[in-house]
1. Search the stretch 89-118 for residues that are within 14 Å of Pro130 (Cβ to Cβ) and pair each with any residue that is assigned to a strand (DSSP E or B) and open to solvent by 10 Å² or more (accessible area, probe 1.4 Å) when their beta-carbon atoms are under 6 Å apart and the residues are at least 6 apart or on different chains.
2. Looking at Lys114, Lys120, which one is under 20 Å from Ala160 (Cβ atoms) and surrounded by 17 or more Cβ atoms within 10 Å (Cβ to Cβ)?
3. Would you pick out the residues in the stretch 51-73 that are within 23 Å of Met164 (Cα to Cα) and open to solvent by 20 Å² or more (accessible area, probe 1.4 Å)?
4. Restricting the first residue to the stretch 160-175 and requiring it to be closer than 15 Å to Leu19 by Cα, which pairs with a second residue that is open to solvent by less than 50 Å² (accessible area, probe 1.4 Å) and at pLDDT below 85 meet a Cβ separation below 6 Å and a spacing of at least six or different chains?
5. How many residues are open to solvent by 60 Å² or more (accessible area, probe 1.4 Å) and either at pLDDT 60 or above or in a strand (DSSP E or B) (or both) if we restrict to the stretch 150-168?
6. Going residue by residue through the stretch 128-138, is there one that turns out to be of a type in the set (A, V, I, L, M, F, W, C), within 16 Å of Val73 (Cα to Cα) and either touching a Gly at 6+ places or on another chain (Cβ under 9 Å) or modelled with pLDDT of 95 or more (or both)?
7. So, Met39, is that one closer than 23 Å to Leu117 by Cβ and either open to solvent by 40 Å² or more (accessible area, probe 1.4 Å) or under 15 Å from the mean Cα position of the chain (by Cα) (or both) or not?
8. Quick one: which strands (runs of 3 or more DSSP E) sit completely within the stretch 6-94 and have at least 2 residues that are closer than 17 Å to Met172 by Cα?
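The values are calculated or read from the model by the stated rules, or taken from the named source; none is laboratory data. Quick caveat: nothing in here was measured; it's all calculated off a predicted structure. Backbone-built Cβ (ideal geometry, glycine too); neighbour counts: all protein chains shown. Please note that ligands, DNA and RNA were not included when accessible areas were found on the heavy atoms of the full protein model with its side chains. Shrake-Rupley method; radii C 1.70, N 1.55, O 1.52, S 1.80 Å.
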Amino acid sequence: MASGCRIGPSILNSDLAALGAECTRMMDCGADYLHLDVMDGHFVPNITFGHPVVESLRKQLGQEPFFDVHMMVAKPEQWVKPMAVAGANQYTFHIEATENAGALIKDIRENGMKVGLAIKPGTTVEYLAPWANQIDMALVMTVEPGFGGQKFMEDMMPKAGANMIVSGSAVMKSDDPRAVINLLRNVCCEAAQKRSLDR
């Protein structure tokens, strides 16, 4: 992935009948990676797709796109190996869904993936702190997990600075996804520069 501020469209709000083409379109529009929302109907009320779809996308798109699988599932431990075999690059799980984050982090690494750790809007950022040195990415949700197309929750912004932005509808439903991706990247980079100057 490119250095600096990275933008990953969530493909949840894409045309699911043309998922491979939609992923290619996002990468062609300048996306740095693809964010794949996996929902099991237990941790969140909706169901999306699982490792067979990830495997199909990997076969169609090749090894280049970085796949961040956002596991909104009740038992994240269950899906580590299948997602690794399917071609996921990063396995992002919710701290709220596991009793043993340390063992899960170890399993993800042993299966050759990077580790992402997510928190819902109602979970304080302090829950991420014990794991900060063991993960590659912290995902601070700015919408409630489980539904695409929600309004951005601005009050989540103070929880953490961002250098990776996941955006669903704003990018996927735009008439000009490239412009939206560039705007998000520029805003993210400007905010990061301001944070470094404020220190």
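1. Close Cβ pairs satisfying both conditions: Leu117/Ala138.
2. On the way: Lys114 fails: surrounded by 17 or more Cβ atoms within 10 Å (Cβ to Cβ).
Going through Lys114, Lys120 in turn, just one is under 20 Å from Ala160 (Cβ atoms) and surrounded by 17 or more Cβ atoms within 10 Å (Cβ to Cβ): Lys120.
3. Our first condition is that a residue be within 23 Å of Met164 (Cα to Cα); within the stretch 51-73, this holds for 54, 57-58, 61-73.
The answer is Leu61, Gly62, Gln63, Glu64, Phe66.
4. Gly168/Gly148
5. So the first thing to find is which residues in the stretch 150-168 are open to solvent by 60 Å² or more (accessible area, probe 1.4 Å), and the list is 150-152, 154-155, 157-158, 163.
If we keep only those that are either at pLDDT 60 or above or in a strand (DSSP E or B) (or both) too, we end up with 163.
Final tally of qualifying residues: 1.
6. Quick first cut of the stretch 128-138, residues of a type in the set (A, V, I, L, M, F, W, C) only: 128-129, 131-132, 135, 137-138.
Then keep just the ones that are within 16 Å of Val73 (Cα to Cα); that gives none.
Among the residues of the stretch 128-138, not one is of a type in the set (A, V, I, L, M, F, W, C), within 16 Å of Val73 (Cα to Cα) and either touching a Gly at 6+ places or on another chain (Cβ under 9 Å) or modelled with pLDDT of 95 or more (or both), which makes the answer no.
7. It is true that Met39 is closer than 23 Å to Leu117 by Cβ and either open to solvent by 40 Å² or more (accessible area, probe 1.4 Å) or under 15 Å from the mean Cα position of the chain (by Cα) (or both).
8. Numbers: elements: 6-9, 34-39, 67-72, 90-94.
Answer list for the stretch 6-94: 6-9, 34-39, 67-72.
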